[in-house]
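In what follows, a structure is listed as structure tokens, so that the remarks can point back to it.
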Amino acid sequence: MQSHTNRVTLEKLDAERMHDSARSASASEVTSVPGLRHPKRWAVGACLLVGVGLAVGFVPKWAAHRRVAEQTQQLAVSHVIVVHPAAGIAPPPLTLSGEIRPLTEAAISARVSGYVAGWHADIGARVEAGQLLAELETPDLDREESQAKAELQQAEAAAQLARATAMRWSEMLKSRTVSSQEADEKSGDAQFKLAAVDAARSKLQRLQEVKKFAQITAPFAGTIIERKLDLGQLVNVGAERPLFRLAQTEKVRVFVRVPQSNARTVVLQQKAEIVLPEIPGKSFEAHVVRTAGAIDPVSRTLLVELESDNPHGEFMAGSYAQVRLSDAHPKAPFTIPSNTLLFRSQGPIVATVTAGNQIALCSVTLGRDFGANVEILSGLLPESQVVINPADSLSDGLQVVVETKP
């Protein structure tokens, strides 16, 4: 019985060994089939196929979308062409009418009344300071002088007598033969007579000084430009008409009236040119020496005085001249093309580009219109970049791209 049991057990063990061997053989056959040895490779290959499919289908669409986005962004940024303000058209030199006058001019009249005994200088004559021009006969003044001399002699004689009398009464007062009151009266009378002598002497000296004016002399060196006396002519003191008119013409003064719009452009020592109509093609240099400093309320002009040398006598006092003030004009404003202007409710404006390529709108003040260009009086700088043909949609801070003007 036990042997039977052992045999059964051995048979079971053999059966199990055979089953294990068969299973191992089948497994070895399965692994020996191509493509079935590494199953992970199938997964990798499947992933690669899926990736290639996605790349072929998605990448072109993504690239196209990106290109569209870039183009949209580029189109959203405005491209502008800019110009710089140009130098304005300078106005022509200011030319005004001027009046030529001598540097110094004096009307010589008589200080005493009398008759012309003779004259020694005629019009156009060059005279020196103190030179005798004319002589007057003054009979009335001569009689007054003789009378003053006689009065002086009388006063001196009376004073001498009064002084001697006062001395005698003073001696008599010591011996008490006269009273002090009487002595004082004689002393006072002597002093009164001495004062009368001084008055008479002063009157004579005054007449003698006045008589010197019977000889009319030149107060300064110059040229006689007018003579209004003749031999035997009666000359009265205070006459309206002077006897001579003397002028210095080696240097002349020129007076012009500058309009109010140009008044502030005239400065001292500013150079000018003088043109005489009788000497065409020739100009003379002058310079500003002074101005009135105020506008004439009637003519609304500024009186300006210039000086010019006249060594050869080209300038004639009282003549008319053209004065050209080359520097007496306002600073020329900027000009910009007319197609750079925008007109908004606040007035004319221009679009400028800042250093960061951003738009800045600037209000400007317009000047003269030249058609293609227009003057800008204020609101721009020489280095400003002004946009040509600006769009109405431009606003402050808008980013732009500056293009080169073709």
Positive minus negative residues near A125 (Lys, Arg vs Asp, Glu; Cβ under 14 Å): 0
Long-range amide H partners of T301 with built H, under 5 Å: D296
Long-range amide H partners of L366 with built H, under 5 Å: L377
A46 paired with A87, simple spin-label distance in nm, labels 7 Å along Cα-to-beta-carbon: 8.4 nm
Karplus 3J(HN,Hα) series, Hz, for segment 282-290 with 6.51 cos²θ - 1.76 cosθ + 1.60 (x for Gly, Pro): 10, 10, 10, 7, 9, 8, 6, 10, 6
Note, ³J(HN,Hα) from phi for segment 301-314, Karplus 6.51, -1.76, 1.60, rounded to Hz, x at Gly and Pro: 10, 10, 6, 10, 10, 10, 10, 8, 6, 9, x, 9, x, 5
Estimated vicinal HN-Hα couplings, Hz - segment 154-165 in sequence order (Karplus 6.51, -1.76, 1.60; Gly, Pro = x): 4, 5, 5, 5, 5, 5, 5, 5, 5, 5, 5, 5
Long-range Cα-Cα pairs in segment 110-222 (distance over 20 Å), rounded percent: 61 percent
Built amide H within the under 5 Å cut-off of F220, gap 5+: G130
Coil-residue GluC sites (Glu not before Pro) of segment 188-283, DSSP, other Cβ within 10 Å capped at 16: E240, E278
Inter-part distance where segment 332-352 and segment 215-294 are each reduced to a Cα centre, Å: 50 Å
Exposure proxy order (Cβ contacts within 10 Å, fewest to most) of F315, F343, F213: F343, F213, F315
Contour minus Cα-Cα distance for R176 and S78 (0.36 nm per residue): 22.1 nm
Per-peptide average of other Cβ atoms within 10 Å, ordering 364-374, 112-122, 290-300 highest first: 112-122, 364-374, 290-300
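The numbers here are math on the coordinates, done by the rules we state, and not lab data. Since we're looking at a predicted model, the values are computed, not measured. Every residue, glycine as well, gets a Cβ built from its backbone with ideal geometry; the counts of neighbours run over all protein chains shown.
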